[in-house]
1. State the volume of the convex hull built on the alpha-carbon positions of the chain, expressed per residue in Å³ and rounded to an integer.
2. Report, in degrees rounded to the nearest 10, the 0 to 90 angle that the Cα long axis of helix 4-26 makes with the longest principal axis of the chain.
3. Please arrange 285, 116, 149 by how many other C-beta atoms lie within 10 Å of their C-beta, fewest to most.
4. Can you compute the helix-only [θ] at 222 nm over the chain? Use -39500 (n - 2.57) per DSSP H run of at least 4 residues, normalise by all residues, nearest 500 deg cm²/dmol.
5. Quick check: Cα centre of region 101-127 to Cα centre of region 177-249, how many Å?
6. Fully extended, how many nm does the chain gain between residue 269 and residue 88 (0.36 nm per residue separation, minus their Cα-Cα distance)?
7. Using the number of other C-beta atoms within 10 angstrom as an exposure proxy, rank 153, 144 with the fewest first.
8. Mind giving me the nanometre distance, one decimal, between the label points for residue 276 and residue 111, set 7 Å out from Cα along Cα→Cβ?
Ligand code: HEM
């Protein structure tokens with residue numbers, strides 16, 4: 001069961017955000033300030049854990065238990081990535097190991113910092129000695145301003161082999177010490193997300209109670225970092241014959257000036273225009289017989305994965 005105080009905090013954060021949005025709408029604020037949830041187009045959920053286990057001491061993490069007392073390993077299964085941690089891996093407060101789950105979908109509002117981010121892949125904690133194979137698969141991160149949850153499915157519990165599902169959160173997330181940066185057009189990175197166990201005896205056995213994690217330094221379950229990409233907004237400034245100029249303030253975040261790109265619709269890779277990006281302007285030459293209509297497009301060649309842009313009139 002999630003702690004009631006955390007739930008209450010999450011709820012009040014949501015309410016505060018709704019109230020802000022309503023006030024902005026009443027004041028007739030420009031739509032950009034009222035950014036709506038947008039489709040998630042990419043990113044990563046990174047899980048970093050310290051590998052330390054001092055018997056009876058404070059510096060004891062879950063990963064440290066696995067590789068030290070239980071003489072086991074932690075490993076990623078594709079599409080998750082990260083080096084395997086073994087009993088002989090370096091240990092101590094500075095020994096931080098990161099597993100990355102690629103983001104495959106969801107919906108996120110970058111202005112309000114609310115939404116649901118779905119990632120793929122598995123991390124498995126295995127011990128032949130203590131007989132467990134605990135998995136955390138396909139994490140779903142739900143953010144609501146300064147709070148959030150992470151749900152996943154897999155197997156765990158006292159036997160280390162009982163299935164659990166993403167119906168209930170595995171961790172509550174505390175973003176009160178998190179740092180949010182814009183790292184590219186449409187891409188936000190949130191670092192320093194602290195997990196606390198939301199539900200006992202699902203993935204991890206009941207040695208850990210609800211709320212466990214931040215009660216120890218370093219956090220028993222590490223920290224999370226979420227990088228989330230969503231579509232950017234653009235508008236058609238001019239269109240004459242096959243030349244069109246699209247303007248989007250976020251394009252200014254691209255490092256390469258005059259980058260050569262191509263444009264496709266959102267649903268296909270087929271190029272409908274070539275162009276260049278300079279500052280906030282995307283200058284396009286459309287294929288014969290094409291006109292640029294409002295809609296969702298992909299810009300190829302400027303970022304990896306390609307940038308999704310919602311073009312309005
Ligand atoms: C042969 C079987 C096992 C042995 C001998 C064993 C032994 C131990 C010992 C000695 C501790 C340290 C207790 C302390 O520091 O007070 C411990 C802690 C723990 N064990 Fe096991 N264990 C076994 C099986 C398991 C299994 C099957 C799981 C998981 C499903 C598990 C999960 C844990 C956890 C989560 C802790 C707490 C680690 C922490 O302090 O962060 N153990 N175990």
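Only the coordinates and a few stated rules stand behind these numbers; no lab work does. Computed from a predicted structure; not experimentally measured. Note that each Cβ is placed from the backbone with ideal geometry, even for glycine, and that neighbours are counted across all protein chains shown.
1. On the way: hull volume 43.4 nm³, N = 313.
It is 139 Å³ per residue.
2. Tilt relative to the chain: about 10 degrees.
3. Working: 285 14, 116 18, 149 23.
Ordered by Cβ neighbours within 10 Å, fewest first: 285, 116, 149.
4. Values: 2 runs with 29 residues, N = 313.
Roughly -3000 deg cm²/dmol at 222 nm, from the helical runs in the chain.
5. Region 101-127 and region 177-249 have Cα centres spaced 8 Å from each other.
6. Extending this stretch completely gives an extra 60.6 nm.
7. Details: 153 19, 144 22.
Exposure proxy ranking, most exposed first: 153, 144.
8. Here the answer is 3.3 nm between the modelled labels.
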